[in-house]
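The values are calculated or read from the model by the stated rules, or taken from the named source; none is laboratory data. Quick caveat: nothing in here was measured; it's all calculated off a predicted structure. Here the Cβ is made from the backbone with ideal geometry for all residues, glycine too, and neighbour counts use every protein chain on show.
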Amino acid sequence: MDRRSLLTVATGAVGAVAASQMPVSAAPLAHPGGHAGSPAGAGRPVTTFNVISDIQGDLRDLGVALEDMHRTNPASSGLAVAGDITPRGYDAEYAAVTAELGRHTHTHTVAWAIGNHEFYVPKWRDPSTLAQDTWPNGTTEDSLFRSFYNFSGRNTVYAEHSFGGIPVLSLGTEKYMHFHDPKLWDEVWLSEDQFRWLEDRLAYWARRRKPVMVVTHHPLPNTVSGSHNQLYSRDYLQADRLLAILGRHRDVFLFCGHTHWDLGLSDWYVRRVVPGTANLDGFSVVNTGAVQTGYTDDGKGGEVSVPGTFNQGLQVEVFRDRVVVKARDFAAGNWLKQITVPLSTRI
């Protein structure tokens, strides 16, 4: 693949993407538990939190991730999960995630985003019988959303949480498009209500000079790793409108998963500049990596992870004048890289 610089120059759905002139610096990695990118005398973070994505039923690696996050960030104020919580969206699969969370010490504030795997029940006649030729096998679109709502404890796919006083907005599709158009499958559709809500919340927090963390499953086109690939570049049916809203705000951080692309790639983080907006510095977009890892028989009665798969995620540290995002390999217990992004105003 084309490995671009951290500040990507590309063409996108709404026009050219320009490299930001805002100073964004890479800093040495800290030891586990340390605050990387925090110069002496610069103060402690306002808050720290974690971001993961794409559990997809891999409860073993979820447990590994939860244990590692607790060791490295025991005072975490929240956990954001950027979709694909389950492999298919069955209630029993949601219950298994809840049970696994209960086996580990973790923050009580969890912001769940919905992913495409939450809509895969219709491909199955029953949990043991794949039957894609008879889709939707009696499953209704409404039942899929109800399962997510029951699990997440809310009645919309979009929601706001507070991680130590920092707003976290979760976005997600409000239609599973194959129910509405036989030519479509996992594309993302946002309602007018969700767009208005997003605009209002971003404007509200901008007036209060707070950075805003936005969590969504699918990457926006021409942003982070994988989003230039045709497989992922057309996921949003209203990409231009969503980019135009986010692109007005310099202190927005968009976290997205879906691709399972390695956080070791150079474009794990980019600044996305949206032409036509007054914000010439763009907004931050960060790949979350993926928790889900494949396993195979090791020939000795055990299992080993499949080469090329990763159990990765992020630790985010919000200071009064900057945000530090650190990429983590949970299984290896290693920091992979980090980025320090200055804020336009002090919190």
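Structure summary
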quantity	calculated
Residues located in segment 178-214, provided they are out of contact with any helix residue (DSSP H, G or I) (no Cβ under 9 Å at 6 or more places or on another chain) and assigned to a helix (DSSP H, G or I)	Glu192, Asp193, Gln194, Arg196, Trp197, Asp200, Arg201, Ala203, Tyr204, Trp205, Ala206, Arg207
Test result for Phe179, aromatic (Phe, Trp, Tyr) and crowded, with 20+ Cβ neighbours inside 10 Å	no
Check on Gly247, of a type outside the set (A, V, I, L, M) and under 18 Å from the mean Cα position of the chain (by Cα)	yes
Search result, residues across segment 149-177 that are over 17 Å from the mean Cα position of the chain (by Cα) and in a helix (DSSP H, G or I)	Tyr149, Asn150, Phe151, Met177
Filter result (of a type in the set (D, E, K, R) and either without any contact (Cβ under 8 Å) to a residue 12 or more places away in the chain or in a loop (DSSP other than H, G, I, E, B) (or both)) within segment 119-145	Asp126, Asp133, Asp142
Residue count for segment 32-56, restricted to those that are modelled with pLDDT of 95 or more and within 29 Å of Thr259 (Cα to Cα)	10
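Conditions tested, residue by residue: (1) under 19 Å from Leu336 (Cβ atoms); (2) at pLDDT 95 or above.
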site	(1), (2)
Met213	no, yes
His249	no, yes
Trp261	yes, no
Gly264	yes, no
Tyr269	yes, yes
Arg272	no, yes
Thr296	no, no
Ser305	yes, no
Phe310	yes, no
